[in-house]
Amino acid sequence: MKTINVPDMHCNKCVERITKALNQESLKFEVSLEQKTVSIDGCDHCVATAMETLEDIGFTPSVKE
């Protein structure tokens, strides 16, 4: 799993928006509000899709190294 930091995820409404958007991309993922992260289960293409999707809905994601 690759972890994406989403520092501007602040509440359950953010989690709902992220979940809805990533579900539309048919990705396997877990969202953690406490850690402010999204973990992607998949290839580099899946991670890139998730990053682009998060940016499209107004977040500033970065891949956690």
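The values are calculated or read from the model by the stated rules, or taken from the named source; none is laboratory data. These figures come from a predicted structure and were not determined experimentally. Every residue, glycine as well, gets a Cβ built from its backbone with ideal geometry; the counts of neighbours run over all protein chains shown. The accessibility values were calculated without ligands, DNA or RNA, using every heavy atom of the protein model including side chains. Shrake-Rupley method; radii C 1.70, N 1.55, O 1.52, S 1.80 Å.
With the full set of protein chains in place, find how many percent of the accessible area of region 22-65 is carbon and sulfur; take the probe as 1.4 Å.
That fraction is 42 percent.
Put simply, the chain fits an ellipsoid with semi-axes of 16, 13, 11 Å; these come from the alpha carbon gyration tensor as the roots of five times its eigenvalues, largest first. Accessible surface computed residue by residue for the chain, with neighbouring protein chains in place and a 1.4 Å probe, gives 63 Å² per residue. Each other residue within a Cβ distance under 11 Å of Leu54 adds +1 if Lys or Arg and -1 if Asp or Glu, for a net charge of -4.
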